[in-house]
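**Student:** Before I ask anything, let me first share the structure, which is written out below as structure tokens.
What follows is calculated from the coordinates using simple rules that are stated; it is not laboratory data. Just so it is clear, the structure is predicted and the values come from calculations on it, not from any experiment.
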């Protein structure tokens, strides 16, 4: 069965071009002329991915709604923004977008994001990838090249910011990262980010990782920042 994607835009020419590109790649494409229609389509039949270049305010709300709904939170959300719109980039990232591209963008880059396997059956354990672009800590495996995260053999769906934060922590798992260090590592360059925003996304990262195991792998060091906890001892030892 073809993977279904929704393409949302008020630009008819863009819709037709995008449909041609993604249909050629083997996707089942559904077109939407506005964000409200796109959200309705998502609720009727959750797609594998959603691509939008709608106006930022409506599209950011669409992203938040998609990521907040348990039926659609596994949907890959990709947004296109106009050059120089740094605030829009940050808004999408904070809303949970999986990828944000500044126009113009090679369609193949979007195809690569959509082509990444996304498992939705949480009970299925899979073999994590093995390569020099993989980070491991305790029961967490992070595939940097494929942008996939596993915990205890189960895939964890992480939006762009949470993935970047975890990658930063896993590169030096016992280093205590200050919030400014995490901002520099995870957020787009040249954008102001309130330090309290880091707390929000660390909280989201914790919830995502704890959906696969009970223990919290992220350690808060009061007054300093965050690190990963040491490897958990196995029971019975």
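**Student:** Pairwise over distinct Cα atoms, reciprocal of the mean inverse distance: report the Kirkwood radius of the chain in Å, one decimal place.
**Tutor:** So the Kirkwood estimate lands at 18.7 Å.
**Student:** Something else about it: With both partners inside the chain, how many of the DSSP beta bridges are antiparallel, as a percent to the nearest 5?
**Tutor:** Close to 50 percent.
**Student:** Rounded to two decimals, what is the ratio between the C-alpha radius of gyration of region 2-117 and 2.2 N^0.38 Å?
**Tutor:** Cα Rg divided by the expected 2.2 N^0.38 Å: 0.94.
**Student:** Here's something else I'd like to know. For region 173-221, go through all pairs of different Cα atoms, get the mean of 1/r, take its inverse, and jot down that Kirkwood value in Å.
**Tutor:** Evaluated on region 173-221, it is 11.9 Å.
**Student:** A follow-up question, please. Percent of Cα-Cα pairs more than 15 Å apart in region 134-228, please.
**Tutor:** That tail contains 57 percent of the Cα-Cα pairs.
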